[in-house]
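A short worksheet on the structure shown next.
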Amino acid sequence: MKLYCLSGHPTLPCNVLKFKSTTIMLDCGLDTTAALYFLPLPLVHSPRLSKLPGWVSKDGAINLEKELKECSGRVFVDSQPEFCLPEKELLDLSTIDVILISNYHCMMALPYITEHTGFTGTVYATEPTLQIGRLLMEELVTFMERVPKAQAATCWKNKEIQRLLPGPLKDAVDVWSWRKCYSVQEVNSALSKVQLVGYSQKVELFGAVQVTPLSSGYSLGSSNWIIQSHYEKVSYVSGSSLLTTHPQPMEQSSLKNSDVLILTGLTQIPTANPDGMLGEFCSNLSMTIRAGGNVLVPCYSSGVIYDLLECLYQFMDSANLGSTPFYFISPVANSSLEFSQIFAEWLCQNKQSKVYLPEPPFPHAELIQTNKLKHYPSIHGDFSSEFRQPCVVFTGHPSLRFGDVVHFMELWGKSSLNTIIFTEPDFSYLDALAPYQPLAMKCVYCPIDTRLNFHQVSKLLKDIQPLHVVCPEPYTQPPPAQPHRSDLMLELQPPPMSYRRCSVLGLPFRRRYERIHLLPELARSLVPSEIKAGVSVATVSAVLQSKDNKHVLQPVPKPAPVPPSKKRKRVMEEPPEVLNPKPLLSGAVPLEPFLAMLHKNGITEVKVEETADGHILHLQTEDVLIQLEEDATHIICDHNEPLRTALRDLVLRFLQKL
């Protein structure tokens, strides 16, 4: 059993598990942090961005003015943003049988895998994961296609040139594997390969293994996966939460008795309490509005935004924000808000019960009805005529490199009355803000990440007790910025096996058993012999047939009789005679009764020597050695066949023939 690690990002995993005769990809996360090296794509022409000077090396030897632009002491690529894909060279991706998706954030690289590698298998995901994943992919494509770039920048990727560039661009890794965004056609083709599954639904893969999704408690439809055969069990835990938020709670008991647990997707902000961050978010927002400023919240169009809106709904009246407009701007804003209300069976019990009252499970439905929350596909059209300030705007993309958020950064960045509040933990907020410097607006960092922290995961592992744990390398050491914080790492016994991008791990357990079925007619022919109380054994001679990973023992076919013939034929070779197998022996030769038996048969001079495996009997007069061991008996007797046979018969008296 092997694990191939195609992504180095702990929360955007992509691993391939070879288990029995199946090849299973576990998630295909897309690392969008590479977009931070690129200039933002403005929806409305930006004089500031268009006037940025091109970059030329100090000695003038390298001129990349058309590809690279300087801004506030940093250099950015002036091209459509690109993303870091999972590793494609580590193994042949066309051999993958199935892809298991744990949540909608971990499927964003799916079109790159299914459309460009010869993949012919099936993708398994829950319905909310598929539908919200589709929204996020379509949103990403729309962001890119709305602002097309005339040229692609490639010269800077040359190794000789890249090492001469200023940081952090010169330190970017695997730049040749970065790719532009996929198209809508590729998204549709990739998602047509998805087969929907429900929680606890068992799916057979080629008769070899069974896969089962379990609720992980992190987002709508998010799953952990159990991958098991009759005798081995692997659990894949990715992006899980024990906090009481809107999704169904995490299912833990089914993870018990795992041989191997693959652990990914822990919180990216282990020191930040989500509840504390929500409180800080609300207080900073109200302070800005009271001072007459606007609040910009760069966020994804699904997930934490539901909790932010719910928190604000409860907070608005007490903070006198009742008249402040809230705007949610995204190409998929309407669909996202509607989906959250209709996937009732994937919600926590509290929200499920509201559906039967009937009430909308999320309060943002009431905010929309009362016109306190308005949603628009973009800043163009209705929004521009209905927009009023001060206001709160939720929009994407959290990287600040594309989407409607770029326009608001240009619009509000020059005023210190305004505030940008970062809630998504995927991007360094300082790197995200770099191309907008110098910036007058206030910046607040309130990362909200509800995934398991190290304390929670340690308690979880104590409860479910897997034999072995496999995790990304960063989880096995304290954060580089806090080397003294040993509580921010996994400390387990035995220590976890760690991986990094391009690792290949041999998982530490061997398959020992396989299930085999007996045909009824063969079973009827067996003659069991009791070898000890409650244990019977029978020998069997049969033909083993293996097909589709199912193994069946069938009776040995009898040779067909040869019809008599008058013509003389060449003498054919006789078929080999099938001999009855020798009987198997069971039991042990007890020392004292055996010595008594030898004495009774006239062998009196016996010297007994104890060994690590049993005893050695030296028959001194006869010059014979008898080794009595737990699983074997040896009689060493030279040139005296009658004596050897007699001793063998004495040994056989203590053993049972099967």
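Structure summary
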item: Selection from the range 444-457 of residues that are buried (at least 16 other Cβ atoms within 10 Å of the Cβ) and not in a loop (DSSP other than H, G, I, E, B); result: Val444, Tyr445, Phe454, Gln456, Val457
item: Output for the range 530-553, where each listed residue is over 30 Å from Leu655 (Cα atoms) and in contact (Cβ under 8 Å) with a residue 24 or more places away in the chain; result: Asp548, Asn549, Lys550, His551, Val552
item: Residue that is nearest to Val211 (Cα to Cα), among those in the range 139-196 that are polar (S, T, N, Q) and assigned to a loop (DSSP other than H, G, I, E, B); result: Ser192
item: Sole exception among (1) within 26 Å of Ser486 (Cβ to Cβ); (2) touching a Pro at 6+ places or on another chain (Cβ under 6 Å); (3) not in a loop (DSSP other than H, G, I, E, B) for Ile289, by number; result: (1)
item: When residues of the range 327-339 are limited to those that are hydrophobic (A, V, I, L, M, F, W, C) and assigned to a helix (DSSP H, G or I), the one nearest to the chain's Cα centre (by Cα); result: Phe339
item: One residue from Gly207, Gly217 being modelled with pLDDT under 95, in a loop (DSSP other than H, G, I, E, B) and open to solvent by 10 Å² or more (accessible area, probe 1.4 Å); result: Gly207
item: Total residues in the range 166-198, condition open to solvent by less than 50 Å² (accessible area, probe 1.4 Å) and of a type in the set (Phe, Trp, Tyr); result: 2
item: Enumeration of residues in the range 497-518 that are within 19 Å of Phe19 (Cα to Cα) and in a loop (DSSP other than H, G, I, E, B); result: Cys502, Ser503, Leu507, Pro508, Phe509, Arg510, Arg511, Arg512, Tyr513, Glu514, Arg515, Ile516
item: Condition met for Thr245 (in a loop (DSSP other than H, G, I, E, B) and farther than 24 Å from Met489 by Cα); result: yes
item: Filtered residue count, the range 340-385, keeping only those that are in a helix (DSSP H, G or I), open to solvent by less than 50 Å² (accessible area, probe 1.4 Å) and touching a residue at least 40 places away in the same chain (Cβ under 8 Å); result: 6
item: Residue within the range 156-165 that is touching a strand residue (DSSP E or B) at 6+ places or on another chain (Cβ under 9 Å), open to solvent by 20 Å² or more (accessible area, probe 1.4 Å) and at pLDDT below 95 present; result: yes
item: Hits in the range 92-121 - residues which are part of a loop (DSSP other than H, G, I, E, B), open to solvent by 20 Å² or more (accessible area, probe 1.4 Å) and closer than 13 Å to Cys14 by Cβ; result: Met108, Thr117
item: Matching option when the condition is open to solvent by less than 70 Å² (accessible area, probe 1.4 Å) and either assigned to a helix (DSSP H, G or I) or in the same structural domain as Leu255 (by the TED database) (or both), among Pro478, Pro494, Pro483; result: Pro478
item: Qualifying positions in the range 166-184 - in contact with a helix residue (DSSP H, G or I) (Cβ under 8 Å, 6 or more places away or on another chain) and of a type in the set (D, E, K, R); result: Lys170, Arg179, Lys180
item: Residue among Glu251, Glu310 that alone is part of a helix (DSSP H, G or I) and either open to solvent by less than 20 Å² (accessible area, probe 1.4 Å) or not basic (Lys, Arg) (or both); result: Glu310
item: Cβ pairs under 9 Å, 6+ apart, first in the range 153-173 and of a type in the set (Phe, Trp, Tyr), second open to solvent by 40 Å² or more (accessible area, probe 1.4 Å) and part of a helix (DSSP H, G or I); result: none
item: For Leu643: the one exception among (1) among the aliphatic types (A, V, I, L, M); (2) closer than 18 Å to Ala588 by Cα; (3) surrounded by 13 or more Cβ atoms within 10 Å (Cβ to Cβ); result: (2)
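Yes/no matrix, rows are residues, columns are (1) at pLDDT 85 or above; (2) more than 24 Å from Lys657 (Cβ to Cβ); (3) outside the structural domain of Ile531 (by the TED database):
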site: Pro563; (1), (2), (3): no, yes, yes
site: Lys567; (1), (2), (3): no, yes, yes
site: Val571; (1), (2), (3): no, yes, yes
site: Leu579; (1), (2), (3): no, no, yes
site: Ala596; (1), (2), (3): yes, no, yes
site: Thr604; (1), (2), (3): no, yes, yes
site: Ile616; (1), (2), (3): yes, yes, yes
site: Gln620; (1), (2), (3): no, yes, yes
site: Leu628; (1), (2), (3): yes, no, yes
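The values are calculated or read from the model by the stated rules, or taken from the named source; none is laboratory data. These numbers come from a predicted model, not from an experiment. Cβ coordinates were reconstructed from backbone atoms using ideal geometry, including for glycine residues, and neighbour counts include every protein chain displayed. Areas reflect the complete protein model, heavy atoms only, side chains present, ligands, DNA and RNA absent. Shrake-Rupley method; radii C 1.70, N 1.55, O 1.52, S 1.80 Å.
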